[in-house]
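Here the structure is laid out as structure tokens; the discussion comes afterwards.
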Amino acid sequence: MAIYGEGILAPRVSKKAAQFTESVIRDMTRQALLHGAVNLAQGFPDFSAPEVLKQAARQAIADDVNQYAITWGAKNFRQALADKFSRQFGIAIDPEREITVCCGSTEAMIATQLALVDPGDEVIIFEPFYENYGPDAILSGATPRYVTLYAPEEENGEWRFDIDELRAAFNNKTRAILLNTPHNPTGKVFTRAELEQIRDLCVEFDALAITDEIYEHILYDNAEHVAPVTIEGMRERTVTINSLSKSYSVTGWRVGWAIAPPALTAAIRKVHDFLTVGAAAPLQAAGATALALPKAYYRNLALEYGERRDLLLAAVRKAGFTAYKPQGAYYIMTDIRAFGFANDRAFAEHLVREVGVATVPGSSFYSDPARGAQQVRFAFCKRAETLEKAIAKLAALRQ
Ligand code: PLP
């Protein structure tokens, strides 16, 4: 009998799958469980979702919303998405032709790239990046081109790209640029001026912008979320991706969407259908309730996250990290040089095993691991008592 994985028979895997590794972030969650550490690695809340949403989901199942929804999304959910988009950005979208509901923004991103990008095309990605983007491009046959976001000199400064480096990354093979604002892992919120520079390049090179805006409501210090689709000239070349996961604290529901002009949507819908058929029908029904929540809900969400950010930011700085202040999303990127470890992996391993706090090693956010070798990322989407527990453990680093 062939015994796989023990050197007797080496199973063949696809060239695509061989080009990337398993998710480091999800692996750190497993390590946190293994060592009983406080999990500040993966970005999922450990507090309850809003009661109205849970009630709406229970009700939908009780009402027998138990069969497949329309493959590109339940009609009432798509209508709710179009209504929110128009309220928020003043842009009318056609729920019949411009929305594809997917299994999380994760599926929306891969379905979009599979639908719109060809082998030989290039996709521009800012780094540090959310670790799914590179594999998404590779699975689509495209070549990722990375452009650096530079850490600020000051802990409270902003991460920035160099416009000449960005321009140099664009060429006649560029099919798309992936944008994530507010940004994971840095907390950067792209400004209107930066987005206009990106627009100019997209227009010049006839490239698409595929935008991941799942932290759009998690903003601090009066930062403003500018949706790239609202920049003049971008409506026709933007795919706006989002999900229920972060805005409503339901990462396990797996409901997301891609909003794009009709011709692009038609292709995304086909790929989506063959990938997953559709997102959970009762949770789409509950999602319509989520999208109708009043402005006060989002103000409160940002306020509560602001308190968590301030708590953890002060604590990690006190523990000896250089910690960059995020303007959005719920992560703190840190520099660990003060601790004198050989690299981020050794340090993260020490933290999870000996200190009892799980983080994400910085190298997993870069195409060249050396660039993140003195960084780790903390997630603060946790209850105050979870953060306090982690903070008490981190104090051991100073002894
Ligand atoms: N995009 C970014 C930037 C993320 O940080 C995450 C999760 O942490 C995702 C996408 C995944 O989102 P979803 O749950 O909608 O698939």
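Going toward the positive end of the dipole of region 126-168, with +1 on Lys and Arg Cβ and -1 on Asp and Glu Cβ, which of 138, 168, 148 do you reach last?
The residue sitting most towards the positive pole is 138.
For region 25-73 and region 242-263, what is the separation of their C-alpha centers, rounded to whole Å?
13 Å
Express in Å², to the nearest 10, the accessible area of residue 167 obtained by rolling a 1.4 Å probe over the protein heavy atoms while all chains stay in place.
Its accessible surface works out to 110 Å², give or take rounding.
Quick one: ranking 72, 159 by accessible area, 1.4 Å probe, largest first, what do you get? Walk me through the intermediate numbers first.
Details: 72 85, 159 10 Å².
Highest to lowest solvent-accessible surface, that is 72, 159.
Suppose accessible area is computed on protein heavy atoms with a 1.4 Å probe; arrange 307, 213 from highest to lowest. Mind showing how you got there, number by number?
Details: 307 120, 213 0 Å².
Descending accessible area places them as 307, 213.
Would you please give the residues with an amide H less than 5 Å from that of residue 39, counting only those at least 5 places away or on a separate chain, with H modeled from the backbone geometry?
Sorted by chain and number, the residues that satisfy this are 358.
Using the beta-carbon distance between residue 204 and residue 47 and R0 = 41 Å, what value does 1/(1 + (r/R0)^6) give for FRET efficiency, to the nearest 0.05? The partial results should precede the final answer.
Details: r = 45 Å, r/R0 = 1.10.
My answer for the efficiency is 0.35.
Can you give the accessible area of residue 321, probe radius 1.4 Å, in Å² rounded to 10?
10 Å²
Is the shape of region 176-312 rounded, prolate or oblate, going by the alpha carbon gyration tensor and its root eigenvalues a ≥ b ≥ c, with a/c under 1.5 for rounded and a/b larger than b/c for prolate? Please list the in-between numbers first.
Values: a/c = 2.15, a/b = 1.09, b/c = 1.96.
Oblate, since a/c reaches 1.5 and b/c is not below a/b.
With the chain treated as a Gaussian network of Cα nodes joined by springs under 10 Å, which of 256, 90, 362 yields the largest mean-square fluctuation?
Of the options given, 90 has the highest mean-square fluctuation.
Nothing charged except the Cβ atoms of Lys and Arg (+1) and of Asp and Glu (-1): what's the magnitude of the dipole of region 323-399 about its Cα centre? Round to the nearest 20 debye. Don't skip to the answer; put the middle values down first.
On the way: 11 positive and 7 negative charges, 30 e Å.
Dipole of region 323-399, to the nearest 20 debye: 140 debye.
Once you sort the root eigenvalues of the Cα gyration tensor of region 330-399 as a ≥ b ≥ c, which label holds: rounded (a/c under 1.5), prolate (a/b larger than b/c) or oblate (the other case)?
Details: a/c = 2.32, a/b = 1.41, b/c = 1.64.
In terms of gyration-tensor shape, oblate.
I'm checking a number: the convex hull volume of the Cα atoms of region 247-398, normalised per residue, in Å³. What is it?
Numbers: hull volume 25.2 nm³, N = 152.
Cα convex hull per residue, to the nearest whole number: 166 Å³.
Roughly to the nearest percent, how much of the accessible area of region 16-175 is carbon and sulfur, given a 1.4 Å probe? Could the numbers behind the result be given before it?
Details: 3920 of 7660 Å².
The nonpolar share, carbon plus sulfur, comes to 51 percent.
Rank 313, 340, 271 by how far each Cα sits towards the positive end of the charge dipole of region 246-399 (+1 on Lys, Arg Cβ; -1 on Asp, Glu Cβ) and give me just the farthest.
313
Using a 1.4 Å probe, how large is the accessible area of residue 339, given in Å² and rounded to the nearest 10?
40 Å²
About the Cα centre, and with charges only on the beta carbon of Lys, Arg (+1) and Asp, Glu (-1), how big is the dipole of region 206-246? Nearest 20 debye, please. Kindly include the intermediate steps, with their values, before the conclusion.
Details: 3 positive and 8 negative charges, 28 e Å.
That gives region 206-246 a dipole magnitude of about 140 debye.
Would you tally the net charge around residue 41, using a Cβ to Cβ cut-off of less than 15 Å, leaving residue 41 out, and scoring K and R as +1, D and E as -1?
Net of charged neighbours comes to +2.
For region 71-79, what does the Karplus curve 6.51 cos²θ - 1.76 cosθ + 1.60, with θ = phi - 60°, yield as ³J(HN,Hα) per residue in whole Hz, taken in order and with x for Gly and Pro?
For region 71-79, the Karplus-derived couplings read 4, 8, x, 4, 4, 5, 6, 5, 5 Hz, x marking Gly and Pro.
At a 1.4 Å probe radius, which order do 130, 146, 331 fall into by accessible area, largest first? Before the final figure, lay out the partial values.
Values: 130 55, 146 75, 331 5 Å².
The most accessible residue leads, giving 146, 130, 331.
Just to confirm, what accessible area per residue do you get for the chain at 1.4 Å probe, in whole Å²?
Numbers: 17310 Å² over 399 residues.
Here the per-residue accessible area is 43 Å².
The values are calculated or read from the model by the stated rules, or taken from the named source; none is laboratory data. From a predicted model like this one, the values you see are computed outputs, not experimental measurements. So basically every Cβ, Gly included, is an ideal-geometry build from the backbone, and we count neighbours across all protein chains shown. Note: areas computed on protein heavy atoms with side chains; ligands, DNA, RNA excluded. Shrake-Rupley method; radii C 1.70, N 1.55, O 1.52, S 1.80 Å.
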